[in-house]
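Everything below concerns the one structure shown next.
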Amino acid sequence: MKKIKIAYIGGGSKQWARFFMTDLALAGDICGELALYDIDIESARRNQKIGYQINSDSRTISKWDYVVYDNVEDTLVNSDFVIMSILPGTFKEMYSDVHAPEKYGIYQAVGDTAGPGGILRAMRTVPIYEFYARKIKEICPKAWVMNLTNPMSICTKTLYDVFPEIKAFGCCHEVFHAQDFLCLVASEVLGIKRPNRKEIYTDASGINHFTWISEARYNDVDLLELLPKFMDKYYEEGYYENPRTDRFAFERDCFAYGNKVKMNFYKRYGALAAAGDRHLVEFVSNNWYLKNDQQIKDWKYLRTTVDFRINQHQERIDETIAMVEGKKKIDVIKSDEEVVDIIKAIMGFNTLISNVNLPNTGQISWLPMGSIVETNCVFTNGCIKPIVSKELPTPVKNLVYRSSTNIDTLYEGIKERDLDKIYASFVDQALCSSLTLEDSFELFKEMIINTRGYLDDYYEIDKYFNKKR
């Protein structure tokens, strides 16, 4: 086996870390050290104990040394790969991100990428990523860096802007769910056993959480051509694609959705939006799918409230403690994630095609060069090669272009600590389209004041708003 070191920034994760550690345990070919770093060091230590329990499982193939570090410098030393998955701020800040806009009639289903919540989260996250990018450049400049933090696009953009030679990319599993949906469509329309998503080919292009599929094939079958027949039967009722639950899970599970928004986009544009409905609705006018509770219900999804996230967070802590204490079994089974598969492909053990986020070098001809885009890429033997994507319908390109250039405007404003530029991005968010200029500015001010504990070190907040009186 090849020994490597993987630095995990955010290694106190309450759930994803377990998926990652079990995938590593089943990897074969590779072993070594998983360096866990988190500002919540006790959570990192719990994951360390879980990791050693995974080592003792009879199904484990690759055993790892799980080491907890109390500083990022030692975490990064001699690292071959760096995983970045952090939460910028606390639930208090997230509560403002998601719920403060509601007094102005602006609802958000997620609030971590687009819309007002995405702006404030980016304002907190970019300075943190500037710090980590500098550390990676200083300590492990040859490491491969895999970002899992949202807002995905702007985090990846920060890494490249601070350290242009970095070998970084952003990983997101939203396209995987769209592939699962297409497998469901094939099964329902063709009357066949449901394929595995890895058995189909999809051409994906766009920006994170607003990626689109222009081609999808299963053997010689054009899967997109099956959609009209599927929609004739299931459009009004909705159909959640996850085979581990029922098709109406969206009525009670705020992470599920009926794919009705996705199908509506296909009806209108002839291309399949590849993220979950909860993300898609935040990239277009707030009056389309997010106007009020009844409209949200009609479109077959639920908003993820911060109260729900707080309760879920505690449940995951309790579950982690139960695993550490041996009261709950740890399932050593392969997850649906592809991070470990990508690591192995980069190391030359296989070749893999997966959708990831990278600076645009021409893989999407109609988006600005240097903008962070999401397309298929080939991973093989020490390199990553973006695949040039197929064209999307012009109306789709217009929607994506607006969001992409807005991300670039936002990044410019945060990098320069220019609140005027940041506000320009804020007011141009599609979800803010029904706001007056006066209300949009008041909301911008309120959300910044609410979360200034994470902003004061980087922005001249009082000076800016006093000047604007």
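The values are calculated or read from the model by the stated rules, or taken from the named source; none is laboratory data. What you are looking at is a predicted structure, and each value in this text was computed from that prediction instead of being measured. Please note: Cβ atoms are built from the backbone with ideal geometry, for glycine as well, and neighbour counts cover all protein chains shown. Ligands, DNA and RNA are excluded from the accessible area calculation, which covers all protein heavy atoms including side chains. Shrake-Rupley method; radii C 1.70, N 1.55, O 1.52, S 1.80 Å.
Explain nothing, just the number: dipole magnitude of the range 277-341 about its Cα centre with +1 on each Lys and Arg Cβ and -1 on each Asp and Glu Cβ, in debye rounded to the nearest 20.
240
Sorting Phe81, Phe91 by accessible area (1.4 Å probe), largest first, what list results?
Largest accessible area first, the residues go Phe91, Phe81.
So what does Ser79 come to for accessible area, using a 1.4 Å probe and Å² rounded to 10?
10
Charges only on Cβ, +1 for Lys and Arg, -1 for Asp and Glu: so what's the dipole of the range 59-114 about the Cα centre, in debye to the nearest 20?
320
Taking N as the number of residues in the chain, what value does Rg over Cα atoms divided by 2.2 N^0.38 Å take?
That ratio works out to 0.96.
Exposed loop sites here are GluC sites (Glu not before Pro) in DSSP loop states with at most 15 other C-beta atoms within 10 Å. What is the longest stretch of the chain lacking them?
On the way: sites that count: Glu165, Glu236, Glu237, Glu325, Glu391, Glu460.
It works out to 1-164.
Just going by the charge dipole of the chain, with Lys and Arg at +1 and Asp and Glu at -1 on Cβ, which of Tyr464, Ile139, Ile106 is farthest out on the positive end?
Ile139
What do you reckon, how do Lys193, Lys267, Lys260 stack up by accessible area (1.4 Å probe), largest on top?
Lys193, Lys267, Lys260
Could I have the simple spin-label model distance between Ile192 and Glu237, label points 7 Å from Cα toward Cβ, reported in nm to one decimal?
For Ile192 paired with Glu237, the spin-label model returns 2.4 nm.
Given R₀ = 30 Å, what would the calculated FRET efficiency be for Ser433 paired with Lys390, taking r from the Cβ atoms and rounding to 0.05?
For R0 = 30 Å, the calculated efficiency reads 0.55.
Label Lys468 and Ile333 with points 7 Å out from Cα along Cα→Cβ: what is the distance between them in nm?
Placing both labels 7 Å beyond Cα along the Cβ direction yields 5.0 nm.
Can you tell me the equivalent ellipsoid semi-axes for the range 293-341? Use √(5λ) from the Cα gyration tensor, largest first, whole Å. Could you put the intermediate results ahead of the total?
On the way: eigenvalues 186, 70, 15 Å².
They are 31, 19, 9 Å, listed largest first.
So which trypsin sites (Lys or Arg not before Pro) in the range 317-364 are both in a DSSP loop and have at most 12 other Cβ atoms within 10 Å of their Cβ?
Within the range 317-364, the qualifying trypsin sites (Lys or Arg not before Pro) (loop, at most 12 other Cβ atoms within 10 Å) are Lys327, Lys329.
Run through the range 116-177 and list the trypsin sites (Lys or Arg not before Pro) located in a DSSP loop whose Cβ has at most 10 other Cβ atoms within 10 Å.
Lys142
What's the magnitude of the charge dipole for the range 160-261 around its Cα centre, counting Lys and Arg as +1 and Asp and Glu as -1 at the beta-carbon? Answer in Debye, nearest 20.
320
Roughly how much of His173 is accessible, in Å² to the nearest 10, using a 1.4 Å probe?
70
For every helix of n ≥ 4 consecutive DSSP H residues, a contribution of -39,500 (n - 2.57) applies; sum these over the chain, divide by its total residues, and give [θ] at 222 nm rounded to the nearest 500 deg cm²/dmol.
Details: 18 runs with 204 residues, N = 469.
After summing the helix terms and dividing by the residues of the chain, the value is -13500 deg cm²/dmol.
Arg268 to Asn292: FRET efficiency via 1/(1 + (r/R0)^6), r the Cβ-Cβ distance, R0 25 Å, to the nearest 0.05?
Computed FRET efficiency for Arg268 and Asn292 comes out at 0.70.
Please give the per residue volume of the convex hull enclosing the alpha carbon atoms of the range 301-444, rounded to a whole number of Å³.
216
Taking the alpha-carbon distance from Lys167 and a cut-off under 18 Å, which lysines remain once sequence neighbours fewer than 8 residues away in the same chain are dropped?
Qualifying lysines at Cα under 18 Å: Lys5, Lys135, Lys137, Lys142, Lys157, Lys344, Lys385.
Just how much of Asp456 is accessible, in Å², when a 1.4 Å probe is used and the result is rounded to the nearest 10?
70
Any lysines with Cα under 20 Å of the Lys193 Cα? List them, leaving off those in the same chain fewer than 8 positions away.
Straight-distance partners of Lys193: Lys229, Lys233.
If I stretch the segment between Asp222 and Met1 completely, what's the gain in nm (0.36 nm per residue apart, minus their alpha carbon distance), one decimal?
75.5 nm
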